[in-house]
Every structure is written in structure tokens, then in C-alpha cells.
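Here, each number is a calculation from the coordinates, and none is a lab measurement. Keep in mind the model is a prediction, meaning the values are calculated, not measured. Because the Cβ atoms are built from the backbone with ideal geometry, glycine has one as well, and the counts that use them run over all protein chains shown.
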Amino acid sequence: MSPLKITVQDAVTGPVLEIAGDLDHATAHELRQAVDRLTLAGGHVLVLDLAGLEFVDSSGITALLAARNLAMEQNGDIALAAVPANTARILRIVGLDRVFTLHPDTSTATDPRSSGR
């Protein structure tokens, strides 16, 4: 089990949360707390960089959906960047690859020209 580490950065398009470790029942509340502390300006995109994500369970997926809901409530959007293959597979199986915008990396997700928003 890897402890969850969340690092917050700012980009021109909005906040970027780098998430590393295990996002599961024991740690999902940490992501929710980090997202709850954010304020998105209208039109900003919350980017969750999952390059360092080692494991995600249903509680982690629920935390990702809660982050999406918060972004939408604040008239923003959300994108997932550098989604590991095992997590991308889970998102595809449950249909969330159609709910989240997926980018190959954070630089693509934070490029205003490629965000399509």
C-alpha cells in the first residue's frame, strides 16, 4: 500500500492536482478535502494528473466523480491527465471515459488551445 500524496499547482487554465500513490477507501477523503479547498473561476479546468497513481478502487472512483461534481458546481470543468493503463481500463469498463476528458499528459490538459473549451 502506497500512501496518497497530492500536490497542488496552478496553471493558466486552472488548478492541477498531482495525485500519487493509492486512491482507495482509506485515502479517498484526502482527495475530497483537497478539492473542497479549491475555488474554480468560471471556465477554469481542474486537472487531475494521475501519472503517479498506483491503485484506485471504487472509493477512489467516487472521489474522482465528487471532484467532477464540484468543478461543475463552480462552472468549471475537469480533465484527467496521464491516466495509468489499469485506471483507464476501469474508466472504460464503467463508461467514465465518456464522462471525463482524458489527456495523455498535464501539458496537453493545460494547453488552452487543445482543451477544446
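What the table below lists for this structure:
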item: Peptide ranges 83-96, 6-19, 40-53 listed from the most packed, as the mean C-beta count within 10 angstrom indicates; result: 40-53, 6-19, 83-96
item: FRET efficiency, GLU73 to HIS25 (Cβ-Cβ, R0 22 Å, nearest 0.05); result: 0.35
item: For region 93-110, Karplus couplings with θ = phi - 60° (6.51, -1.76, 1.60), whole Hz, Gly/Pro x; result: 4, 8, x, 7, 5, 9, 9, 9, 7, 10, 10, x, 7, 5, 5, 5, 5, 9
item: Sum of side-chain charges, GLY95 neighbourhood, beta-carbon under 15 Å (Lys, Arg +1; Asp, Glu -1); result: +3
item: Within region 1-110, percent of DSSP bridges classed antiparallel, to nearest 5; result: 30 percent
item: Helix-only CD estimate at 222 nm, as mean residue ellipticity for the chain, using -39500 (n - 2.57) per DSSP H run (n ≥ 4); result: -9500 deg cm²/dmol
item: Three-way shape label, region 5-108, alpha-carbon gyration tensor, a/c 1.5; result: rounded
item: Residues of region 74-111 with amide N under 18 Å of the 7 Å Cα→Cβ point at ALA66; result: 74, 78-79
item: Residue-count net charge about GLN9 - beta-carbon cut-off 11 Å; Lys, Arg +1, Asp, Glu -1; result: -3
item: Extended-chain gain in nm, criterion 0.36 nm per residue less alpha-carbon gap, ARG32 and ASN86; result: 17.3 nm
